[in-house]
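Colleague: This is the structure I want to talk about, given as structure tokens.
Throughout, read-outs are computed from the coordinates displayed, never taken from laboratory work. Keep in mind it's a predicted model, so treat the numbers as computed, not measured. Heads up, the Cβs are rebuilt from the backbone with ideal geometry, glycines too, and the neighbour counts pull from every protein chain shown.
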Amino acid sequence: MKTSRVSGFYKKTLTERLNFVKDFAELTEEETNQLNSNLNQETAEKMLENVIGTFSLPIGVAVNFLINNKDYIIPMVLEEPSVIAAASNAAKIARESGGFTTSSDEPVMIGQIHVMGARELGGEGARKIVEMKQELLNLANSQDPTLVNFGGGAKDLEVKEFSNFLRIHLYVNCQDAMGANAVNTMVEAIAPKITEAIGGTAVLKIISNLADRRLARAECTFKKELLGEDTINLILKAYQIASEDPYRAVTHNKGIMNAISAICLATGNDWRAVEAGAHAFASCGRGAGAAGRRGSELPTTNYKPLTTYELTPEGDLKASIELPLAVATVGGSTKHPQAQVNLKILGVKSSKELAQVIAAAGLAQNFAALKAITTEGIQKGHMKLHERKSTQ
Ligand code: MEV
């Protein structure tokens, strides 16, 4: 049975670590070599304009992850020490009580059109657009027959009026792609039909990065025998502080994004979109009524932690996370040669599975940070790495 559980991984040499990952993910020689190869100039020039070089960062792997009873090794690209060690340690504790349980929504993105100066406001313009719904969905779907063939495409449309604007939300199932290209093409294609019918100007025709119809969730329980009651109580206090003090909530969420952005980078995903969506969701996604509101109402803002913590009746610590994760396993920069190898190491079969793994890693990271900062502090771990650096 293949396991990602490994002790003292950080003590192994780079070659030993690479061999472990190679065996785990059944990488070919070529794929293994790719992990230590720079992006070639030709590929770089295809990705970006005005290229003058390439920039590399370390790829590390978080080990010990058990998610929905499947073992994962999780590649992360980042410059900050301790993050990967902390996530691996949290995953080791979590697997003692069965690991992480995760779920995610269908990969639905929101395309927005904001019309200014429509002839009829006060519900009449909105009614006309709703009447044209099927025609607009067909036009949107004709822009991307491949996505439609794979079962995705524009599925629904909603209209809302505010401050003399009519806002149209087009809901597009993006399957395993992030979807920005598909969604932007669709909203640009249907906007003229809309203004033809109701007059005015389509000021904006663009995707929303508040992907709150594409949420991923993870939860797990940390056993009191492994943590001790004092640590559990301190973590619960840290969670309460983050819930009441936005200055702390931001740092709390930054720790979560340490893992999330690092996996996005490793897999060629748009980490700025994910960051923007996560922080917006932290401001207006949680709490009573949020689930019913998704994508339709205009939310009020109140910045909160992305994770929750509670005591179970047995005295263990239950942790959970929910956030938008618009991530892809196909298309865009996932074609980057190293992203391809990292996706193979992850062994994910869909964008939904990738989102769930990322949610679990974010939760592990947050738990590890809270455990460290409420007990021994984080500097001790940082210093260990500095010691290693100075003795090498
Ligand atoms: C540092 O990159 C992240 C932490 O500040 C997160 C936190 O305070 O929860 C340790």
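Colleague: Looking at the range 1-52, which GluC sites (Glu not before Pro) are in a loop (DSSP not H, G, I, E or B) and have at most 13 other Cβ atoms within 10 Å?
Modeller: Numbers: sites: Glu16, Glu26, Glu29, Glu30, Glu31, Glu42, Glu45, Glu49; in loops: Glu26, Glu49.
In loop regions of the range 1-52 (DSSP not H, G, I, E or B), the sparsely surrounded GluC sites (Glu not before Pro) are Glu26, Glu49.
Colleague: With +1 assigned to the C-beta of every Lys and Arg and -1 to the C-beta of every Asp and Glu, and no other charges, what is the dipole magnitude of the range 108-208 about the Cα centre in debye, to the nearest 20? Can you show the working numbers first?
Modeller: Working: 9 positive and 11 negative charges, 29 e Å.
So the magnitude is around 140 debye.
Colleague: If each residue's Cβ is checked for other Cβ atoms within 10 Å, how do Thr146, Thr300 rank with the fewest at the top? Intermediate results must be reported in sequence, preceding the final value.
Modeller: Working: Thr146 11, Thr300 8.
Lowest count first: Thr300, Thr146.
Colleague: Once both labels are modelled 7 Å past Cα along the beta-carbon direction, what's the Thr146-Lys349 spacing in nm?
Modeller: 2.3
Colleague: GNM, the chain, Cα, under 10 Å: largest mean-square fluctuation among Leu27, Leu346, Leu363?
Modeller: Checking each option, the largest mean-square fluctuation is seen for Leu27.
Colleague: Assigning unit charges at the beta carbon (Lys, Arg +1; Asp, Glu -1) and nothing else, what dipole magnitude in debye, to the nearest 20, does the chain show about its Cα centre?
Modeller: Values: 42 positive and 43 negative charges, 107 e Å.
Approximately 520 debye in magnitude.
Colleague: For the chain, set up a GNM with springs between Cα atoms under 10 Å and report which of Gly123, Gly295, Gly153 has the largest fluctuation.
Modeller: Gly123
Colleague: Dipole of the chain (Lys/Arg Cβ +1, Asp/Glu Cβ -1, origin at the Cα centre): which of Ala361, Leu170, Leu147 lies farthest to the positive side?
Modeller: Ala361
Colleague: Under a GNM of the chain (C-alpha, springs under 10 Å), which listed residue has the highest mean-square fluctuation: Gln134, Gln379, Gln240?
Modeller: Ranking Gln134, Gln379, Gln240 by mean-square fluctuation puts Gln379 first.
Colleague: Please compute the alpha carbon radius of gyration of the range 108-208, then divide it by the globular-protein estimate 2.2 N^0.38 Å. Two decimals is fine. It would help to have the intermediate numbers written out before the result.
Modeller: On the way: Rg = 12.8 Å, N = 101, 2.2 N^0.38 = 12.7 Å.
Dividing the Cα radius of gyration by 2.2 N^0.38 Å gives 1.01.
Colleague: Full-extension gain between Gln34 and Thr15, please, as 0.36 nm times their residue separation minus the C-alpha to C-alpha distance.
Modeller: Gain on extension, Gln34 to Thr15, equals 5.5 nm.
Colleague: Compute the distance in nm between two label points, each set 7 Å from the Cα along the Cα-to-Cβ direction, one at Gln340 and one at Glu310.
Modeller: If labels sit at Gln340 and Glu310, their model points lie 4.6 nm apart.
Colleague: Let me ask something additional. Which entries in Lys92/Lys318; Lys2/Lys224; Lys160/Lys205; Lys133/Lys205 show an alpha-carbon gap greater than 19 Å?
Modeller: Numbers: Lys92/Lys318 15 Å; Lys2/Lys224 28 Å; Lys160/Lys205 15 Å; Lys133/Lys205 17 Å.
Exceeds cut-off: Lys2/Lys224.
Colleague: Count the net charge of all other residues whose Cβ sits under 14 Å from the Cβ of Ile207, scoring Lys and Arg as +1 and Asp and Glu as -1.
Modeller: Taking every other residue near Ile207 into account, the sum is +1.
Colleague: Going by amide H atoms built from the backbone, whose H comes under 5 Å of the H on Leu204, apart from near neighbours?
Modeller: When sequence neighbours closer than 5 places are left aside, the close amide H contacts are His114.
Colleague: How tilted is helix 14-25 with respect to the longest principal axis of the chain? Cα atoms for both, answer in degrees (0 to 90, nearest 10).
Modeller: That works out to roughly 50 degrees.
Colleague: Summing -39500 (n - 2.57) over the DSSP H runs of n ≥ 4 in the chain and dividing by its residue number, what mean residue ellipticity at 222 nm do you reach, to the nearest 500 deg cm²/dmol? Could you put the intermediate results ahead of the total?
Modeller: Values: 16 runs with 186 residues, N = 392.
So the helix-based figure for the chain works out to -14500 deg cm²/dmol.
Colleague: Could you work out the local net charge near Val63, counting Lys and Arg as +1, Asp and Glu as -1, over the other residues with Cβ closer than 10 Å to its Cβ?
Modeller: Once all neighbours under 10 Å are counted, the net charge is +2.
Colleague: On full extension of the chain, what length is gained from Leu298 through Glu124, given 0.36 nm per residue of separation minus the C-alpha to C-alpha distance?
Modeller: Full-extension gain reported as 60.6 nm.
Colleague: Something else about it: Over the range 232-383, one equal point on each Cα, no solvent: what is log10 I(q)/I(0) by the Debye formula at q = 0.12 Å⁻¹?
Modeller: Here log10 of I(q) over I(0) equals -0.56.
Colleague: Moving to a separate point now. So how many Å³ per residue does the convex hull of the Cα atoms of the range 52-164 work out to? Working shown, then result.
Modeller: Values: hull volume 29.3 nm³, N = 113.
Residue-normalised Cα hull volume stands at 259 Å³.
Colleague: Still on this structure: Helix 133-142: angle to the longest alpha-carbon principal axis of the chain, degrees 0 to 90, nearest 10?
Modeller: With rounding to tens, the tilt is 60 degrees.
Colleague: Treating the angle as unsigned and between 0 and 90°, give the value, to the nearest 10°, between the Cα long axis of helix 379-391 and the longest Cα principal axis of the chain.
Modeller: 70
Colleague: Taking amide H positions as placed 1.01 Å from N in the peptide plane, with prolines and chain starts having none, which residues 5 or more places from Ala62, or on another chain, fall under 5 Å of its amide H?
Modeller: Excluding prolines and chain starts, which carry no amide H, the hits are Ile74, Met76.
Colleague: Further question: How long are the semi-axes of the ellipsoid equivalent to the chain, from square roots of 5 times the Cα gyration tensor eigenvalues, in whole Å, largest first? The partial results should precede the final answer.
Modeller: Working: eigenvalues 313, 141, 61 Å².
Working from the Cα gyration tensor, I get semi-axes of 40, 27, 17 Å.
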